[in-house]
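Inspection log for the structure reproduced underneath, given as structure tokens.
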Amino acid sequence: MLLAVASLVFVFLSSYAFPDAYRDTLQAATAVGTWQGRAALDAGAPRLEVGTAAIERSGARELHEVLRTLPGLNVQDYGGIGGLKTVSVRGLGAAHTAVCYDGALVSDAQRGSIDLSQFDLDNTGGIAVEIGAADDLFLPAGTSTAGSVLSIVPKPLDFSGGPTHAEAAWTWGSFGTLKPAVRIDRKIRDGWGVSACGSYLRSDGDYPFTGRTITADGALSEPGRLRREGSDVSTFKSTLRLEGHDRRGGTLRASADWLDSQRGLPGPVILYTQDPTERLRDRDLSTRASYDRTSSGWRLRLDAGYRRFRTRYTDASPIYPEPVDDRYLQQVGSLGGILGWQRDLGTGGTLQAVLAQDLRLAHLHANTAACPQPTRLGGITTFSVQYAGPRLKATASLTATLMHEWVEVREAAPDRHRLSPSASLSFAAAPGLHLRAFAKEGFRVPTFNDLYYDRVGSISLVPEKARQAGLGATWHRVFGRADLAVTADAYHNDVTDKIIAVPTMFVWRMRNLGRVRMDGIDLSAAVTLPLGTRYTFHTDASWSFLDAVDVSDPSAKNYRHQIQYTPRHSGAVSTSVSTARASLGYTLCAVGPRWYLPQNIPANRLPAWFDHTLAVRWRIPVRRAVLTLSAEALNLSGTTYEIVRSYPMPGRQLRITAKITQ
């Protein structure tokens, strides 16, 4: 831990060593709002990018709707607008996906995985997913241990039309869904601006699905249309941002986000009945500030953040003598710094070295008698080197992790320390053709629930190790006015010390017993073709194959069976025709059969599902403003498929949005 503190102090003190002369020689932070394509073609490891133009073409209104069209990503959805949504990349599990918002790592020490529904796509300027060894060295050090990184960047402040930019939108949807939203950007003075935005979502969530009920005489009824119960949601989100540039060429960003959500937890449809007695209340305050400066071949970024996350879970089921009312308060404070140096080698290449440091303090308080009120202090240090030449790009990094925990009662987990290397290589074999390879070792630290949950947690758990390796190729050509890009990747993942729950006498306990081997292929293609002088045709297609088998115990019945909820085949196609004022788009998502229990037997099989979406968008100039009308028809086939067993998804639904921009 002393090394982590010393590294962070060094990074912070470096800000005073910068000369005043400003010369922008290092690469600036990625301008997410300008992304147009789906893949970074010269990256050493797969990097998938989706910008605002691609989001608008697809008609997506929620983050998970965008992610499920990307190759290698598997979105878990527990049904309905308010359902929990997480993303697993290449079968590693949601806890191996690090989520960054506005350059800051979003953490949840209690549960590990991040609920994607907390992010508002209306205020998003772009999305990137980096798999394995990231080429972007200016990510927080805490992301270096993850198998993949999901980066979400808010829309940049817009003063192109004057000192004030305003947007207001209203969305109507099926099942009693309403969502008003407003955003105002205001220029304070040259180089400085402030932005405020807010949205409110409510939905009854009472969508129909096909099922059976138990009649008065105990028999099963014929299949019929039922209504989902207890799936209502009411969520308010707001963000206040400040951004500006100082006289020394630095950029300061500060923001505060507030989320207040109340939703029903409808639960699974078991034994042909629904019993929606559970509810969840989330109140989340997140604040962050960052300072970024480039000068004379050096770049410095300083970050500080604080998150206060309150969760209240209630269950009024009559099976309990008294209603359950569990309350959790999670607080996370973080300090981070990144110091980078870059030099032009004079041969068309550059050399870059980056030192990144994160310090994070997390505490969980709960009103449950069994909670030991744990606190975790963690330090992560990453040193990276990258050479970028005319044809070759090579990146290597080493990450050191130190963690210490203490509790108010019982015994705390022992200290953890680990070194994790990664490397990637990209080579331009021919004009437009890049070959790439990467290898990385990441790990997942046990969550507070894994370690300390009443009678189930185990303080002897060690982190899951995820070893990743991949080979790939990207090809990009321009034929006249047509643009074609193709990517192909093959990979192997090996997860050891997997944290699973196993029975021990009368109760289940968390243990490091699992091992999973994963071999897969991801293919994607993107085509942009002008049609005449007014129309543009664009299509993206992807297909993924993943063989993820459990090799923990050769004597087990599920030995070499596909792991739960992981399809072998999945794919997506998004196509659109657009003009300067209008667009028409279609998206197909397809997922093959899966198994919801470890054994791959017919009784545990979940069928394949297909989801069709049709989207239309029309921009109408109105004096000095622009009115945008959009409509989406989701799940056109009306199939109430299940992504998670016994959680039927909504069938056919309609969504209409009117947005005015000035």
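The values are calculated or read from the model by the stated rules, or taken from the named source; none is laboratory data. Predicted model, so just to flag it, every value in this text is computed and none were measured. Note that we place each Cβ from the backbone using ideal geometry, even for glycine, and neighbour counts take in every protein chain shown.
Structure values in brief
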item: Qualifying residue in segment 363-378 (condition: touching a Cys at 6+ places or on another chain (Cβ under 9 Å), modelled with pLDDT under 95 and either among the hydroxyl-bearing types (Ser, Thr, Tyr) or within 26 Å of Ser107 (Cβ to Cβ) (or both)); result: yes
item: Residues that are assigned to a strand (DSSP E or B), free of Cβ contacts under 8 Å to residues at least 40 places away in the same chain and of a type in the set (D, E, K, R), drawn from segment 612-630; result: Arg619
item: Hey, Gly112 farther than 21 Å from Leu634 by Cβ and surrounded by 22 or more Cβ atoms within 10 Å (Cβ to Cβ) or not; result: no
item: Any hit, segment 410-417, residues being basic (Lys, Arg), in a strand (DSSP E or B) and crowded, with 21+ Cβ neighbours inside 10 Å; result: no
item: All positions within segment 458-480 that are touching an Asp or Glu at 6+ places or on another chain (Cβ under 6 Å) and buried (at least 22 other Cβ atoms within 10 Å of the Cβ); result: Glu464, Gly470, Gly472
item: Which listed residue, of Leu654, Leu634, is surrounded by fewer than 17 Cβ atoms within 10 Å (Cβ to Cβ) and under 28 Å from the mean Cα position of the chain (by Cα); result: Leu654
item: Segment 150-178 residues that are surrounded by 14 or more Cβ atoms within 10 Å (Cβ to Cβ), paired with ones that are in a strand (DSSP E or B) and among the aromatic types (Phe, Trp, Tyr) (beta carbon under 7 Å, 6 or more apart); result: Ile152/Tyr101
item: Residue in segment 353-361 that is surrounded by fewer than 22 Cβ atoms within 10 Å (Cβ to Cβ), more than 30 Å from Ala412 (Cα to Cα) and of a type outside the set (Ser, Thr, Tyr) present; result: yes
item: Test result for Gly267, part of a loop (DSSP other than H, G, I, E, B) and within 24 Å of the chain's Cα centre (by Cα); result: yes
item: Unique residue being surrounded by 16 or more Cβ atoms within 10 Å (Cβ to Cβ) and modelled with pLDDT of 90 or more when the list is Arg202, Arg281; result: Arg202
item: Subset of segment 363-395 [in a loop (DSSP other than H, G, I, E, B) and hydrophobic (A, V, I, L, M, F, W, C)]; result: Ala369, Ala370, Cys371
item: Any strands (runs of 3 or more DSSP E) falling wholly within segment 61-170 and containing at least 1 residues that are farther than 19 Å from Lys237 by Cα and among the charged types (D, E, K, R); result: 73-77, 124-131
item: Options Ser231, Ser261: the member that is at pLDDT below 95, within 23 Å of Leu178 (Cα to Cα) and not in a strand (DSSP E or B); result: Ser231
item: Near pairs, Cβ below 6 angstrom, 6+ apart or cross-chain, from segment 74-95 (touching a residue at least 12 places away in the same chain (Cβ under 8 Å) and within 18 Å of Cys589 (Cα to Cα)) to any residue that is part of a loop (DSSP other than H, G, I, E, B) and of a type in the set (A, V, I, L, M); result: Tyr78/Leu84; Gly79/Met649
item: Selected residue (criterion: nearest to Ile500 (Cα to Cα)) from residues of segment 74-105 that are among the aliphatic types (A, V, I, L, M) and under 10 Å from the mean Cα position of the chain (by Cα); result: Ala94
item: Residues within segment 107-123 that are among the aliphatic types (A, V, I, L, M) and within 15 Å of Arg444 (Cα to Cα), tallied; result: 2
item: Filter result for Gly37 (crowded, with 20+ Cβ neighbours inside 10 Å, closer than 30 Å to Ala633 by Cβ and either at pLDDT below 80 or small (Gly, Ala, Ser) (or both)); result: no
item: Where Arg281 falls short, out of the listed (1) without any contact (Cβ under 8 Å) to a residue 60 or more places away in the chain; (2) outside any strand (DSSP E or B); result: (2)
item: Odd one out for Phe209 among (1) crowded, with 18+ Cβ neighbours inside 10 Å; (2) more than 26 Å from Ser630 (Cα to Cα); (3) within 26 Å of the chain's Cα centre (by Cα); (4) hydrophobic (A, V, I, L, M, F, W, C); result: (3)
item: Residue count for segment 432-447, restricted to those that are in contact (Cβ under 8 Å) with a residue 60 or more places away in the chain and either among the polar types (S, T, N, Q) or within 27 Å of Arg509 (Cα to Cα) (or both); result: 6
item: Residues satisfying the stated conditions in segment 477-499, i.e. of a type in the set (Val, Ile, Thr) and free of Cβ contacts under 8 Å to residues at least 24 places away in the same chain; result: Val478
item: Segment 245-258, subset charged (D, E, K, R) and at pLDDT 90 or above, residue nearest to Asp292 (Cα to Cα); result: Arg253
